[in-house]
Amino acid sequence: MQALEDDLDDGDAPHMSLSLQTCQQMDLQDPLRPLRDLFDLPPGMIYLDGNSLGALPRATAARLQAVIQHEWGVGLIRSYNTAQWFDQPHILGDRLAPWLGAGAGEVLVTDTTSVNLFKVLSVAMAMAAQNSPGQRVLLSEVGNFPTDLYMAESVCAQHGWQLRCVQAAELDAHLSDEVGVLMLTHVNYRTGALWDMGHWSAKAHAVGAMAVWDLAHSAGAVPLALKADGADFAVGCGYKYLNGGPGAPAFVWAHPDHVHHAKQPLTGWWGHAQPFAFTPSYEPATGMGRFLCGSQSVLAMAALACGLDTFERSLPLGGMSALRQKSLALTDAFIGLVQTHCAGHGLVLETPLNPQQRGSQVSLSTQAGAYAMVQALIERGVVGDFRAGDPGRSEPDIMRFGFTPLYLGFEDVWRAVDHLRQVLDAGIWRAPRFAIPHPVT
Ligand SMILES: *Cc1c(COP(=O)(O)O)cnc(C)c1O
């Protein structure tokens, strides 16, 4: 954790503070700038929550209309074949694979991240029980996203394992030969801190453990190399950086060496080797298809396909490496501007300053008022979000700002910080209406 003021006082602030004119200039020179037009954002809004729910691609509404009217309305049941409805989990998985550092046939788009985590944890534990029978601890980070820990808790209970959650800084000390599975979320949802996947997968393997990664805040946000980095299993989210829409299907990846041993427990008919043979007993499909369970939402998959289209449009402009470069330039600019314009208000930077350890978000904490500050910003059209700390205050309340290089520019960053400055300087956030709680923050 770094106090922003301290950075300034030390005189070693590594981040430049940009002028509005410079930001506008940077937008003009940004090769990815045209991609912004692929999205339908409300005029005047600065959307810094693409890490929670990605923006709506312009093409999605018409595409869903066509799927509904033609594929469903006219094609009816035939569309499972003629419109490739049946194959969509594989087709979308193959399109997603290059963004994850995975190969064709290795990724499946289906279900939710939580459900996919249940499948891969069950498989990883069963494999660990064979390969390293005494190692019955699932190790994770205490600051991991709650659903990951909740699912791990239940799978551990079923398998008679122990779930051990430790502070990030203590992970190394706890990665002992008791551990059978290491489960990490690659980019932490609160802080935006990025684990080194290659390093920690190798460490897990060195003690005989499997490495399971959650890519919810990584897919579409940072370069990924699942296979090269030695991951065993991965899951991730379709509605965040991938712009698949609210509740979009998630994805699951298994290392090709593991697929044939993978007996996931949700043995629904879509994961059967021959679903339409209607045999009375279960036989898993040979490839990733065995990670399917039941019927998938065709409309939701069609929306996710439009989200993937927006990424593929970046390929001639440099693809993921260009997106990453811009994402880091955006988060750098934001940090530098906050350091300069919002000093003296007790904001603390929760996100690593080192770009190699940062995802595509910046989190700021405050002792008090984070919720109201976010609400005040939202009223001004600057949409970020709020995540509560824990009751013991070992984790503070934070304001989260996601930076999506597909549709954000440097002027957006400048204006967002200028709004934050006004909200803080004039104490605008103290108005009682900003303290009213909402169910989703
Ligand atoms: C967003 C997120 C999820 C979401 O899980 P769903 O089951 O798709 O709702 C899971 N894990 C992490 C780390 C997340 O950030």
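FYI, it's all coordinate maths here, none of it is from the lab. Because the structure is predicted, anything quoted here is derived from the model rather than measured. Virtual Cβ from ideal backbone geometry, glycine too; neighbours counted across all protein chains shown.
Descriptive notes on the structure:
- Cα gyration tensor shape of region 84-312, rounded if a/c is under 1.5, else prolate or oblate by comparing a/b with b/c: oblate
- Based on DSSP H segments of at least four residues, each scored -39500 (n - 2.57), the chain has a per-residue ellipticity at 222 nm of -10500 deg cm²/dmol.
- Protection-proxy order for peptides 50-57, 21-28, each taking the mean of Cβ atoms within 10 Å per residue, highest first: 50-57, 21-28
- Taking the chain and dividing mean pair separation by its residue count, relative contact order in percent (alpha carbons under 8 Å, at least six apart): 23
- With both residues required to sit in the chain, DSSP beta bridges show an antiparallel share near 55%.
- Neighbours of Leu117, meaning other residues whose beta-carbon lies under 12 angstrom from its beta-carbon, give a summed charge of -3 when Lys and Arg score +1 and Asp and Glu score -1.
- At most 13 other Cβ within 10 Å, DSSP loop - chymotrypsin sites (Phe, Trp or Tyr not before Pro), region 207-294: Phe278, Tyr282
- Sequence-ordered 3J(HN,Hα) estimates for region 357-363 from the Karplus curve with 6.51, -1.76 and 1.60 and θ = phi - 60° stand at 10, 10, x, 10, 9, 10, 10 Hz, glycine and proline given as x.
- Taking a sphere under 14 Å around the Cβ of His419 and counting the other residues whose Cβ falls inside, with K and R at +1 and D and E at -1, yields a net charge of -2.
- For region 84-312, size of Cβ-based charge dipole, Lys and Arg +1, Asp and Glu -1, in debye: 280
- Three-way shape call for the chain based on the alpha-carbon gyration tensor, with the a/c threshold at 1.5: oblate
- Potential extension, Trp269-Asp390 segment - 0.36 nm per residue separation minus Cα distance: 39.4 nm
- Karplus-based coupling profile of region 236-246, in residue order and whole Hz: x, 10, x, 9, 8, 5, 7, 6, x, x, x, with θ = phi - 60° in 6.51 cos²θ - 1.76 cosθ + 1.60 and x standing for Gly or Pro.
- Count, lysine Cα pairs under 28 Å in the chain, 8 or more residues apart or across chains: 10
- Scalar couplings 3J(HN,Hα) for region 263-275, obtained by applying the Karplus form with A = 6.51, B = -1.76, C = 1.60 to θ = phi - 60°, are 10, 7, x, 8, 8, x, 5, 6, x, 6, 4, 9, x Hz; x denotes Gly and Pro.
- Region 349-399 shape via C-alpha gyration tensor axes, a/c threshold 1.5: oblate
- Magnitude of the charge dipole, the chain, Cβ model with Lys/Arg +1 and Asp/Glu -1, debye to 20: 1100
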